[in-house]
1. Being within 12 Å of the chain's Cα centre (by Cα) and either closer than 26 Å to Gly179 by Cβ or surrounded by 14 or more Cβ atoms within 10 Å (Cβ to Cβ) (or both) is true for just one of Arg118, Arg109, Arg130, Arg147. Which residue is that?
2. Can you tell me how many residues within region 33-44 are modelled with pLDDT under 90 and loosely packed, with under 13 Cβ neighbours inside 10 Å?
3. Among the listed residues Ala219, Ala177, Ala201, Ala214, which satisfies the condition of being among the small types (Gly, Ala, Ser), in contact with a His (Cβ under 7 Å, 6 or more places away or on another chain) and either modelled with pLDDT of 90 or more or outside the structural domain of Val107 (by TED's automatic domain parsing) (or both)?
4. Using beta carbons and a limit of 7 Å, which pairs, at least six apart or on different chains, have the first residue in region 19-47 and β-branched (Val, Ile, Thr) and the second one part of a helix (DSSP H, G or I)?
5. Residue under question is Leu3, and the condition is that it be farther than 16 Å from Met184 by Cβ, surrounded by 11 or more Cβ atoms within 10 Å (Cβ to Cβ) and in contact with a helix residue (DSSP H, G or I) (Cβ under 9 Å, 6 or more places away or on another chain); does it hold?
6. Only one of (1) touching a Ser or Thr at 6+ places or on another chain (Cβ under 6 Å); (2) over 22 Å from Ser159 (Cβ atoms) fails for Val211. Which number is that?
7. Going by the structure shown, is Val89 assigned by TED's automatic domain parsing to the domain that holds Ile166 and either part of a strand (DSSP E or B) or among the small types (Gly, Ala, Ser) (or both)?
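The values are calculated or read from the model by the stated rules, or taken from the named source; none is laboratory data. Predicted model, so just to flag it, every value in this text is computed and none were measured. Because the Cβ atoms are built from the backbone with ideal geometry, glycine has one as well, and the counts that use them run over all protein chains shown.
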Amino acid sequence: MRLAPAGIREWGGGGLIALIIAVMCWLLISTIWVNWIITGILTVLWFAVAWFFRDPSRRPSSSFGIGAMISPADGCISAVERVDHHEFVNGPAIIVRIFLSVLNVHVNRTPCAVEVIRTDYRRGRFLDARTDESAKVNECNLIFCRRDDSVLLGVRQVSGAIARRIVCPLEPGDRLARGVRLGMIKFGSTTELVVPDFDDAVVHVSVGDRVKGAVTLLAEVPWRGSGTEV
């Protein structure tokens, strides 16, 4: 099982602490069955942390069309909204919001091949990610992107009541293929995909649907002009 490097402080440091505690118990406690119980509890706790930071290999299907927008996260669709204006696209937009529970993979991925324009980390609150208000006021990271046909889009990583750290190593000018890892949010959180609300844009999911990052098709925004996706 591959573990996300962004979580090395948690799964690496936690494993080291658990090992030290277990060794100290075996050295200081003479009752063997007590030592086995403590060791078992520490092992289960470490595996629980490691399971959260799992980072499975994903490869987007080759059957997706050039305008396909795949899910940037694992989880459950909590909202599909249309707004008159969004800063990601400088105009009308479609927002697909995904809630990630602590049981979901928390690594985020690119919805299509993009160039990163900029990222913008914004301080905020830490409300329960399951509430509508959290999407508006919680701490978040905005990733502004552009396709090769100049279509603007974005991915928004939003913290939750438990999630207190958003990881995003991207820099302006980075060019990423579809389904590539772009960061993660530690513990329960929300991820949003924002695309232009063109007349020919199509949404393929609805509230309550379960989705998988780099696997599930969320929407299609047909290619503008000539050329192909990189």
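1. Checking each option against the conditions leaves just Arg109.
2. Pass one, region 33-44, residues modelled with pLDDT under 90: 33-35.
Adding the requirement that they be loosely packed, with under 13 Cβ neighbours inside 10 Å leaves 33-34.
So the count comes out to 2.
3. Values: Ala177 fails: in contact with a His (Cβ under 7 Å, 6 or more places away or on another chain); Ala201 fails: in contact with a His (Cβ under 7 Å, 6 or more places away or on another chain); Ala214 fails: in contact with a His (Cβ under 7 Å, 6 or more places away or on another chain).
It is Ala219.
4. Going by the 7 Å Cβ cut-off, the qualifying pairs are Ile21/Leu42; Ile29/Asn35; Ile38/Ala22; Ile38/Cys25; Thr39/Ala22.
5. Working: farther than 16 Å from Met184 by Cβ: no; surrounded by 11 or more Cβ atoms within 10 Å (Cβ to Cβ): yes; in contact with a helix residue (DSSP H, G or I) (Cβ under 9 Å, 6 or more places away or on another chain): yes.
When the stated conditions are applied, Leu3 does not pass them.
6. All conditions pass for Val211, except number (2).
7. Details: assigned by TED's automatic domain parsing to the domain that holds Ile166: yes; either part of a strand (DSSP E or B) or among the small types (Gly, Ala, Ser) (or both): no.
For Val89, the condition - assigned by TED's automatic domain parsing to the domain that holds Ile166 and either part of a strand (DSSP E or B) or among the small types (Gly, Ala, Ser) (or both) - is not met.
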